[in-house]
Every structure is written in C-alpha cells, then in structure tokens.
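**Student:** Sending over a structure as structure tokens; questions will come in a sec.
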Amino acid sequence: MKENIENVSKEKITSFDVLGQRYDLPYSTTGNPTKEHILIESTMLFALKGYAAVSMRDIAAKAGVTPGALYNHFTSKEDLWEAVVDHAMQLYFLYHKNLDEALEKADTFEEVLEMIFAEPTRMKNMFTCYAFGLIQTEQFRSEHAGKIFNGTFLEYGIRFAQKWFDRCIERGLVRAFDTHTVATVFIHGVMIGINLKVQESLKRDIPYDITRMFEDLRQFILRSVSAP
C-alpha cells in the first residue's frame with residue numbers, strides 16, 4: 001500500500017527504525033515530544049508547499065497546537081525553519097551513529113552492503129525522505145540548507161560508506177577497490193531512491209521499481225569488487 005503524507009503524520013512520531021531497532025528521536029529523548037512533532041509536521045509541510053507558501057498558522061493547525069503554543073517553541077517562522085534544517089541534520093547523524101554500531105557486528109562484505117542498503121531500500125522512516133527532499137529543494141533559497149545538503153547529506157554520507165568499505169578491505173573481507181567512487185555511486189543512488197519514494201508516497205507514477213533499483217545497484221557493486 002502506498003503511504004501518503006497524511007498516513008505518515010497522523011500519529012506523533014517519537015522514534016525511528018535502524019535495522020529493526022527503534023531509537024528515540026532527538027527532542028523525544030530530552031522529554032520534548034511536542035517540539036519533535038512540530039518539527040516533523042513543519043518539515044513535511046515545507047517540503048510539500050515550499051517555505052514561502054507555509055504560514056505559522058498552517059503549521060500550528062497541522063501539528064494540532066495553538067499558534068500561541070507554537071510561538072512558545074519558536075519565535076518566528078525563520079526560527080522554526082532553522083530548527084527544521086538542524087533537525088534534519090541531527091536525524092541523519094543519529095541514524096548513522098546507530099548504523100555504525102550495527103555494522104561493527106558484520107562478518108562479510110555482503111552483510112555490510114545489506115545493512116547500508118536496508119533503509120534506502122525499505123524506507124522505514126518515511127518522514128526523513130521529506131526532510132531530504134526539503135533540504136535538496138531549499139538549498140537554492142537557503143545558504144544553511146545548502147551547507148547541510150552538500151556537507152552532510154552528500155560529503156558525510158560518502159565518507160561514511162567509504163569508511164566501511166575501507167574497513168572491509170583492511171579486514172580481508174573483499175579485495176581492494178576504489179572505495180570513494182563506489183561510495184559516491186551508492187550515495188547518489190540513495191538520493192534517486194529517496195526522491196522516487198517521495199513521489200510514490202504522493203501517489204504519482206514513478207519510472208522505476210525502487211526495490212529492484214537498489215538490488216541492481218547492490219549486485220553491480222558486488223560484481224565490481226569481485227572482478228579480478
């Protein structure tokens with residue numbers, strides 16, 4: 001069943017999935033789930049309509065709080081926007097922190113690939129797709145968003161994948177290969193997959209089967225590193 005934005009946010013989201021394990025989100029961890037909920041709802045509204053088209057009243061209505069309560073958390077729309085961008089970055093780092101711990105238990109290169117492909121393929125945390133789409137779009141308007149898109153979603157993501165590919169080589173789990181190039185191909189594949197998943201969630205036709213696309217990419221990497 002296709003999941004649309006209403007289904008994503010009909011209940012307050014306080015945790016996310018990393019390889020089947022549930023972890024508290026940043027503000028839920030500090031005992032502020034209402035702020036977490038506002039940030040998630042704001043992220044999805046901004047992603048769907050664009051920053052300029054969304055008002056604080058729109059966000060309050062979507063989050064189920066009064067405008068006064070919203071202003072208790074954020075002094076202005078721009079203040080809320082900056083928090084949304086930072087929240088997206090926090091989620092990205094938090095996901096990779098927990099993935100990092102899980103990858104320590106991998107015994108084969110194939111298992112490492114399976115783990116790093118799991119979230120892009122299954123999209124267990126749909127609201128993070130909207131965060132990515134928002135930052136990708138708003139980088140043209142916001143310097144802050146641009147820095148996070150390039151420095152976090154791209155550069156950090158590539159470094160993370162490359163680090164684990166390098167470790168597999170060091171441990172003798174796979175022959176030496178150009179880990180930076182393969183990591184770059186992987187992250188750009190993730191970007192495409194997230195964009196397709198957002199389009200699918202909006203019940204729009206997409207040109208590729210997302211699961212098949214990632215499986216083809218995984219097999220491509222396996223064939224590339226196993227070639228003599």
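**Student:** Please go through segment 70-81 and give me each residue that is free of Cβ contacts under 8 Å to residues at least 24 places away in the same chain and either in contact with a Ser or Thr (Cβ under 7 Å, 6 or more places away or on another chain) or under 24 Å from THR29 (Cβ atoms) (or both), ordered by number.
**Tutor:** Hits for segment 70-81 are TYR71, ASN72, THR75, ASP79.
**Student:** Then there is this: I'd like to know if segment 155-166 contains one or more residues that are more than 16 Å from HIS96 (Cα to Cα) and in contact (Cβ under 8 Å) with a residue 40 or more places away in the chain. Walk me through it before giving the result.
**Tutor:** Of the residues in segment 155-166, the ones more than 16 Å from HIS96 (Cα to Cα) are 166.
Adding the requirement that they be in contact (Cβ under 8 Å) with a residue 40 or more places away in the chain leaves none.
No; the residues of segment 155-166 include none that is more than 16 Å from HIS96 (Cα to Cα) and in contact (Cβ under 8 Å) with a residue 40 or more places away in the chain.
**Student:** Considering only segment 189-214, how many residues are in a helix (DSSP H, G or I) and either of a type in the set (A, V, I, L, M, F, W, C) or closer than 21 Å to THR128 by Cβ (or both)?
**Tutor:** 17
**Student:** Is segment 164-178 home to any residue that is of a type outside the set (Gly, Ala, Ser) and within 22 Å of THR43 (Cβ to Cβ)? Steps first, please.
**Tutor:** Keep residues of segment 164-178 that are of a type outside the set (Gly, Ala, Ser), which gives 164-171, 173-175, 177-178.
The next check asks that each one be within 22 Å of THR43 (Cβ to Cβ); those that pass are none.
No, the conditions are met nowhere in segment 164-178.
**Student:** Would you confirm whether or not segment 82-95 contains a residue that is in contact with a Ser or Thr (Cβ under 8 Å, 6 or more places away or on another chain), surrounded by fewer than 16 Cβ atoms within 10 Å (Cβ to Cβ) and among the hydrophobic types (A, V, I, L, M, F, W, C)?
**Tutor:** Within segment 82-95, one or more residues are in contact with a Ser or Thr (Cβ under 8 Å, 6 or more places away or on another chain), surrounded by fewer than 16 Cβ atoms within 10 Å (Cβ to Cβ) and among the hydrophobic types (A, V, I, L, M, F, W, C).
**Student:** Now for a different question. Cβ-Cβ below 7 Å, separation at least six or inter-chain, first residue in segment 182-202 and farther than 11 Å from PHE214 by Cβ and without any contact (Cβ under 8 Å) to a residue 40 or more places away in the chain, second among the polar types (S, T, N, Q) and assigned to a helix (DSSP H, G or I): which pairs?
**Tutor:** The qualifying pairs are ALA183/GLN162.
**Student:** For ALA176, which of the numbered conditions (1) in contact (Cβ under 8 Å) with a residue 12 or more places away in the chain; (2) more than 23 Å from ALA52 (Cα to Cα) fails to hold?
**Tutor:** Here ALA176 clears every test but (1).
**Student:** Taking segment 50-77 as the search range and keeping residues that are among the aromatic types (Phe, Trp, Tyr) and assigned to a helix (DSSP H, G or I), which one is modelled with the highest pLDDT? Full working, then the answer.
**Tutor:** Narrowing segment 50-77 to residues among the aromatic types (Phe, Trp, Tyr): 51, 71, 74.
Still in the list and also assigned to a helix (DSSP H, G or I): 51, 71.
Values: TYR51: 92, TYR71: 95.
Only one residue tops the list, namely TYR71.
Let's see how each residue does on (1) free of Cβ contacts under 8 Å to residues at least 24 places away in the same chain; (2) farther than 14 Å from LEU134 by Cβ; (3) not in a helix (DSSP H, G or I):
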{"position": "LYS12", "(1), (2), (3)": "no, yes, yes"}
{"position": "PHE16", "(1), (2), (3)": "no, yes, yes"}
{"position": "TYR23", "(1), (2), (3)": "no, yes, yes"}
{"position": "SER28", "(1), (2), (3)": "yes, yes, no"}
{"position": "GLU36", "(1), (2), (3)": "no, yes, no"}
{"position": "LEU39", "(1), (2), (3)": "no, no, no"}
{"position": "SER42", "(1), (2), (3)": "no, no, no"}
{"position": "LEU48", "(1), (2), (3)": "no, no, no"}
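**Student:** Can you tell me which residue in segment 178-188 is surrounded by the most Cβ atoms within 10 Å (Cβ to Cβ), limited to those that are in a helix (DSSP H, G or I) and not aliphatic (A, V, I, L, M)? Give the steps one after another, and end with the answer.
**Tutor:** Residues of segment 178-188 in a helix (DSSP H, G or I): 179-188.
Retained after the next criterion (residues that are not aliphatic (A, V, I, L, M)): 179-181, 184, 186, 188.
Working: THR179: 20, HIS180: 14, THR181: 12, THR184: 16, PHE186: 25, HIS188: 14.
It comes out as PHE186.
**Student:** Where residues in segment 1-27 are at pLDDT below 85 and not charged (D, E, K, R), which of them is surrounded by the fewest Cβ atoms within 10 Å (Cβ to Cβ)?
**Tutor:** Looking at residues that are at pLDDT below 85 and not charged (D, E, K, R), I get MET1.
**Student:** Output the number of the condition that MET123 fails; it satisfies all remaining conditions of (1) free of Cβ contacts under 8 Å to residues at least 60 places away in the same chain; (2) on the phi > 0 side of the Ramachandran plot.
**Tutor:** Failed condition: (1).
**Student:** Give me the helices (runs of 4 or more DSSP H) completely within segment 92-177, filtered to those with at least 1 residues that are modelled with pLDDT under 95 and more than 23 Å from ILE221 (Cα to Cα), ordered by residue number.
**Tutor:** Details: elements: 109-122, 126-138, 143-148, 157-170.
The qualifying helices (runs of 4 or more DSSP H) are 126-138, 143-148.
**Student:** Right, next: Could we say that LEU80 is at pLDDT 95 or above and assigned to a helix (DSSP H, G or I) here? Show your work before the answer.
**Tutor:** Numbers: at pLDDT 95 or above: yes; assigned to a helix (DSSP H, G or I): yes.
Yes: the conditions hold for LEU80.
The values are calculated or read from the model by the stated rules, or taken from the named source; none is laboratory data. Predicted, not measured: the structure shown is a model, and the values here were computed from it. Note: ideal-geometry Cβ built from the backbone for every residue, glycine included; neighbour counts use all protein chains shown.
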